[in-house]
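What follows is a single structure, written as structure tokens, with notes after it.
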Amino acid sequence: MRMQSATRLALFLLLAPIVLWLALLVILPHVDMFMVSMRERVGIRQYEYSFANYVEFFVEPLYWRTFARTAIMSIIATVMTLLIGFPVSYYIAKMLRGRMKNFLFLLCLVPFWVSELVRTFGWMILLRESGVISNLMQWMGLVSGPVEMLYNDATIMVGFIYTSMLFMVVPLVSTLDSLDDSLVEAGYDLGGNAFTVLRTIIIPHAMPGIVSGCIVVFMLTLGNYLTPVLLGGKDSLWFTEQIYTQFITRFNWEQGAAFGFLLLGLSSLIVWAGLRLSRQTLSQTMG
Amino acid sequence: MTDATDESELYDLECRNLVRTFGAFIAVDDVSFGVPRGDFFSILGPSGCGKTTILRMMAGFDRPTSGDILIKGKSVVDVPPNRRPVNMVFQQLALFPMMTVAENIAYGLVRKGLNKTDIADKVKSALGRIGLPTSGGKSIKQLSGGQQQRVAIARCLVLEPAALLLDEPLGALDLKLREHMKVELKKMQDQFGTTFVYITHDQSEALVMSNHVAVMNKGRFEQIGSPQDLYYHPDTAFVAGFVGDTNRWHGRVESADASGVKVVSADGVNLIATAAGKTPLVQGGEVDIFVRPESVVIATGEERVSGMENRIEGDLVSILFNGANSRALIRDRHTGGELDVALPQTGEFSHLKRGQAVHLGWGKAQAKAFAADARRDQGVGT
């Protein structure tokens, strides 16, 4: 009996930090946020429970269009990160051996030693009207006047891909690393060409890595605030900006909290749809 | 072997003066051979001798530094692996885990562009022939090691290749299954009538299954012949030492003539042997002498061995009981050297005890003397 209660106590103590962390920092704030999002101001310091804040999102075109734009651009950024990251990962995992492999893998990691803010400012120094690239093009005689390369969607996209690359490359390298070379050789030996071997052997094997990389990149891009604001300017219309505006500028916490929950719900829905489409399950991907 | 054109027609697979170097290291050194149609041809050698390199060059995964590879009389050196009419069974089998058994077998047929009903028919008949008629829908992991083996071979054989290349496919199996698969592989080869090129470091695999065996060492072929040839008439000291078990002495020639070779071994034993190998033996030259354990007569009394040219008195160190392959380890009373001796199956020696004195004898015809090659290390012992 005593033995049993001792084990129980040990288990409880071991679980305590994670339980406290989840309860105090994740569950409690979210419950409170949910309460906030569900009330409607009817007068000074007078509130009523209603879905008005959620309804507002669907009736005001600006809001849901901003969300749609955010989601679509995040999906594009995810796909582009995958398209660029896959060959990079394949090269690191399968074509290289030993020191060169570790070196290139480390190179992917190096940008993350600098804070995201500094990295984004780095892009601004390169791309702004009086920036490095604009001056270089003028000096080479390619353009006659200064060129502004900031504050457009293409630049935001570049920023997203740059920020996300590592989160795509890491899971891809580890799944591709586990692909036995002889499977690829067998694919060729039995008459496959580069395309069929990629489609029938390499991609099915890498699928868990592809899916987990895509989920991480999609969620990070969707919830990104710095990149769209700094590279896209005030009119970048990113959904996180809307939330920020509601909370800080408009001091409309009720609306901001509702938007936060909508972002959570809608992005989870998109991830779920993506998993269904790729016939993967979350446990498969994480395991 | 290499020049007559009508002869090369007989070969499904032929290598001519094949060389592959990695920097200064010569992995394959001027190897030429032909594999006749329907043959079970093995390349036998210790690990690192270059046998896998030869196989990978034949499959197209590696390119020879010089020399030519011909399949059905046509050079394939510039043909990529997916267009070569040979298929390979990999050491770890390399079955595709993302596909079912049937999809694995169909993979090559789909790549060939056959229509669906033909593919289904061929897969069905292949599954029947390997004794897994109902396993088509299973995943690879549901099969046992031996079943996976058969699927890996069937996956290649449905493509009707000119030759099947096998890279030590039994290496990963446990002993019992390996013995069983040796017989099974031989049966499959008869059934499909395909030429097999099999590489292994396990001499019993090579001897049991093959029609022809090439013994390879340090990038070169030492000897090509039937398993019986290699066992009873080795051309070189390496083959004598590597194929089958053997006792071995190193010594110096006292005299050599038609009646035999008199040798004094390094530990002082006088031996009479028969000259073997291509290098003639000269007086004072270094030689290696090989005697098979089953050629040595063991007796408790001296009379049984009195008529033999070589005789040794020794003490029994231990009995290595292994059913029909039981051996006795005998220590030479004068030199302290140890000998491996096969025990006759009559049971007459079942009473032998450790430390008991025994007499050993063997004729000069059973002892083969090879000139020791100073350039090459023949490091494989008994």
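The values are calculated or read from the model by the stated rules, or taken from the named source; none is laboratory data. This is a predicted model, so every value here is computed, not measured. Every residue, glycine as well, gets a Cβ built from its backbone with ideal geometry; the counts of neighbours run over all protein chains shown. When the accessible area is computed, the model is the full protein with side chains, heavy atoms only, and any ligands, DNA or RNA have been set aside. Shrake-Rupley method; radii C 1.70, N 1.55, O 1.52, S 1.80 Å.
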Spot the failing condition for B:Gly145; the list is (1) open to solvent by 60 Å² or more (accessible area, probe 1.4 Å); (2) over 17 Å from B:Met209 (Cβ atoms), and only one is missed.
(1)
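Residues checked against (1) within 25 Å of A:Met168 (Cβ to Cβ); (2) aliphatic (A, V, I, L, M); (3) open to solvent by 30 Å² or more (accessible area, probe 1.4 Å):
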site: A:Ser37; (1), (2), (3): no, no, no
site: A:Val42; (1), (2), (3): no, yes, yes
site: A:Ala52; (1), (2), (3): no, yes, yes
site: A:Glu56; (1), (2), (3): no, no, yes
site: A:Ser74; (1), (2), (3): yes, no, no
site: A:Thr81; (1), (2), (3): yes, no, no
site: A:Ile92; (1), (2), (3): yes, yes, no
site: A:Phe103; (1), (2), (3): yes, no, yes
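One line per residue, one yes/no per condition, for (1) at pLDDT below 85; (2) touching a His at 6+ places or on another chain (Cβ under 6 Å); (3) in a strand (DSSP E or B); (4) among the hydroxyl-bearing types (Ser, Thr, Tyr):
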{"position": "B:Asp245", "(1), (2), (3), (4)": "no, no, no, no"}
{"position": "B:Arg248", "(1), (2), (3), (4)": "no, no, yes, no"}
{"position": "B:Ala256", "(1), (2), (3), (4)": "yes, no, yes, no"}
{"position": "B:Val263", "(1), (2), (3), (4)": "no, no, yes, no"}
{"position": "B:Lys278", "(1), (2), (3), (4)": "yes, no, no, no"}
{"position": "B:Leu281", "(1), (2), (3), (4)": "yes, no, no, no"}
{"position": "B:Gly284", "(1), (2), (3), (4)": "yes, no, no, no"}
{"position": "B:Val287", "(1), (2), (3), (4)": "no, no, yes, no"}
When you check B:Arg150 against the structure, is it within 11 Å of another protein chain (Cβ to nearest Cβ) and free of Cβ contacts under 8 Å to residues at least 60 places away in the same chain, yes or no?
no
Under 23 Å from B:Glu294 (Cβ atoms), assigned by TED's automatic domain parsing to the domain that holds B:Val35, open to solvent by less than 20 Å² (accessible area, probe 1.4 Å) and part of a helix (DSSP H, G or I), is that true of B:Glu205?
yes
Do you know which residues across the stretch A:148-157 are without any contact (Cβ under 8 Å) to a residue 40 or more places away in the chain, open to solvent by less than 70 Å² (accessible area, probe 1.4 Å) and in contact with a helix residue (DSSP H, G or I) (Cβ under 9 Å, 6 or more places away or on another chain)?
A:Met149
Any chance the stretch B:333-349 includes a residue that's of a type in the set (Lys, Arg) and touching a strand residue (DSSP E or B) at 6+ places or on another chain (Cβ under 6 Å)?
yes
Candidate set: the stretch B:81-120, residues that are surrounded by fewer than 16 Cβ atoms within 10 Å (Cβ to Cβ) and among the basic types (Lys, Arg); chosen: the one farthest from A:Pro204 (Cα to Cα):
B:Arg83
Picked from the stretch A:131-145 (must be open to solvent by less than 80 Å² (accessible area, probe 1.4 Å) and part of a loop (DSSP other than H, G, I, E, B)), the residue farthest from A:Leu237 (Cα to Cα) is A:Gly141
Being without any contact (Cβ under 8 Å) to a residue 12 or more places away in the chain and in contact with a helix residue (DSSP H, G or I) (Cβ under 8 Å, 6 or more places away or on another chain) narrows it down to one of A:Gly187, A:Gly145, so name that one.
A:Gly145
So which helices (runs of 4 or more DSSP H) stay within the stretch A:159-263 end to end and still have 1 or more residues that are among the acidic types (Asp, Glu), touching a strand residue (DSSP E or B) at 6+ places or on another chain (Cβ under 9 Å) and within 14 Å of chain B (Cβ to nearest Cβ)?
A:181-189
Just one of the numbered conditions (1) under 19 Å from B:Thr200 (Cα atoms); (2) not in a loop (DSSP other than H, G, I, E, B) is not true of B:Gly67; which one?
(1)
Of a type in the set (Ser, Thr, Tyr), under 25 Å from B:Ala152 (Cβ atoms) and away from every other protein chain (no Cβ under 14 Å): which single residue out of B:Ser75, B:Ser66, B:Ser47 fits that description?
B:Ser47
Those residues of the stretch B:4-21 that are at pLDDT 90 or above and surrounded by fewer than 22 Cβ atoms within 10 Å (Cβ to Cβ) come to a total of 4
Could you tell me which of the residues B:Asp62, B:Asp78, B:Asp30 is surrounded by 15 or more Cβ atoms within 10 Å (Cβ to Cβ) and not hydroxyl-bearing (Ser, Thr, Tyr)?
B:Asp62
Just to confirm my filter: which helices (runs of 4 or more DSSP H) fall fully inside the stretch A:18-120 and include at least 3 residues that are more than 25 Å from A:Tyr151 (Cβ to Cβ), of a type in the set (A, V, I, L, M) and without any contact (Cβ under 8 Å) to a residue 40 or more places away in the chain?
A:28-37, A:52-59, A:98-109
I'm trying to understand the selection: among the residues of the stretch B:47-57, which are open to solvent by less than 30 Å² (accessible area, probe 1.4 Å) and either of a type in the set (Ser, Thr, Tyr) or under 19 Å from the mean Cα position of the chain (by Cα) (or both)?
B:Cys49, B:Gly50, B:Lys51, B:Thr53, B:Ile54, B:Leu55
Restricting to the stretch B:176-191, count the residues that are acidic (Asp, Glu), under 18 Å from the mean Cα position of the chain (by Cα) and open to solvent by 80 Å² or more (accessible area, probe 1.4 Å).
1
Which of (1) over 26 Å from B:Ala163 (Cα atoms); (2) open to solvent by less than 30 Å² (accessible area, probe 1.4 Å) does A:Phe167 not meet, given it meets every other one?
(2)
Those residues that are open to solvent by 30 Å² or more (accessible area, probe 1.4 Å) and not in a helix (DSSP H, G or I), I need them from the stretch B:293-312; list them, please.
B:Val297, B:Thr300, B:Glu302, B:Ser306, B:Gly307, B:Met308, B:Glu309, B:Arg311
In the stretch B:283-292, which residue that is open to solvent by less than 90 Å² (accessible area, probe 1.4 Å) and on the phi < 0 side of the Ramachandran plot is farthest from the chain's Cα centre (by Cα)?
B:Gly285
